[in-house]
Amino acid sequence: MTRKTNPLYISTKDALQHIIHRYDNFLFDCDGVVWLGETLIPGAADFIQLLVDNNKKFAFVTNNSSNSRNTYLRKFAKLGIPNITKDMLYPTCYSAALEVRDQLKIPIGSKIWILGDHGIEEELQEMGYVTLGCNDPKLNYLDIDSSILEVDPEVKAIVVGSTKEFNYMRISSTLQYLLHNNKSIPFVGCNIDRTYPGPHGLILPAGGSVVNYMAYTADRDFINVGKPSTQFLNIILEDKQFDRGRTLMIGDTLYTDIKFGNDGNLGEGRGSLLVLSGGTKSNDLQNLIDSASGSGQEDLVPSYFVESIGHLAQLMKS
Ligand SMILES: [Mg+2]
């Protein structure tokens, strides 16, 4: 597909009003768009309120698998964004659980092995699965004779996502499941993100670094249930009854968020908005625009860009 390689900079109230009229539904990435770590992006709550006032629908789609939807609900409330409900939230710990149940059709009550933070455990348990691995204390220290390195033959899937407890025992135990029975247990990866923007300007390792570490170690592929998976997008659009042609994806990462909107043909081919408040800076965008045409990278070029969603709220008041 030939795609325009000249994104429109939203710099006026008129341009913003065009966006408000053109789209009914807004998908937001979270880290780098709504917040950075535990800090709200200035004006983000005002922009969400602007959408509410204009009867727009929205949902939050984050590749972060560490937190369950219930944890995200508490975070939105704590940061002062009211009226967010659980059905608006799509973290990849939830999409991993949906994959296990609806695509892999693994019976409820089955055992699932987890390498990742609590979010994955909570979402799978809420669906009725029995979870193994994750933060089992036996995985906290090295013990090559531990029984936890013996494969439980009842495990029906492996889910891997971001973890702050990545250590040799977790790698080793997960590897046994990935290799078991000629590598036949399905391997679900929560995202492909290399890094995410942390506080104090730090760039921190994200879930994709864990998933790809395990994929490399076991020498096998995984099912990516995060952005830019078009299957994930289709699930959300159907779940929310969002019209694809009138939906806009807003994100800060080119190879996940922007590609997600572009590959999914949101907004009839103009359905991605890049914000510069997260991991992508204006010189990254300029470098992409300079090299994208004919390079096979057109799918990374956003339809629109702006400094932040708070900046959009400011434009409306101008
Ligand atoms: Mg982000």
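The values are calculated or read from the model by the stated rules, or taken from the named source; none is laboratory data. The model shown is predicted, which means the values in this text are computed figures rather than measured ones. No Cβ is skipped: glycine too gets one built from the backbone with ideal geometry, and neighbour counts run over all protein chains shown.
Points worth noting:
- Unique residue being more than 19 Å from the chain's Cα centre (by Cα), farther than 30 Å from Lys281 by Cα and crowded, with 17+ Cβ neighbours inside 10 Å when the list is Tyr177, Tyr168: Tyr177
- Subset of region 262-277 [closer than 22 Å to Ser308 by Cα and part of a loop (DSSP other than H, G, I, E, B)]: Arg270, Gly271, Leu276, Ser277
- Selected residue (only one of Val306, Val275, Val301 is more than 13 Å from the ligand (Cβ to nearest atom), closer than 21 Å to Phe47 by Cβ and outside the structural domain of His200 (by the TED database)): Val306
- Strands (runs of 3 or more DSSP E) contained in region 123-200 and holding at least 1 residues modelled with pLDDT of 95 or more: 130-133, 155-160, 187-189
- Only one entry in Thr163, Thr195 is of a type in the set (Val, Ile, Thr) and within 14 Å of the ligand (Cβ to nearest atom), namely Thr195.
- Those residues of region 127-157 which are within 21 Å of Lys183 (Cβ to Cβ) and among the hydrophobic types (A, V, I, L, M, F, W, C), in sequence order: Leu132, Ile148, Leu149, Val151, Val155, Ala157
- Region 201-222, residues that are over 20 Å from Val61 (Cα atoms) and either of a type in the set (Ser, Thr, Tyr) or modelled with pLDDT under 95 (or both): Gly201, Leu202, Ile203, Tyr213, Tyr216, Thr217
- You will find that of Ile148, Ile203, the residue that is surrounded by 13 or more Cβ atoms within 10 Å (Cβ to Cβ) and either more than 14 Å from the chain's Cα centre (by Cα) or in contact (Cβ under 8 Å) with a residue 12 or more places away in the chain (or both) is Ile148 and no other.
- Taking helices (runs of 4 or more DSSP H) as the structural unit, those lying wholly within region 3-83 and holding at least 2 residues that are within 30 Å of Ile223 (Cα to Cα) and of a type in the set (Phe, Trp, Tyr) correspond to 69-78.
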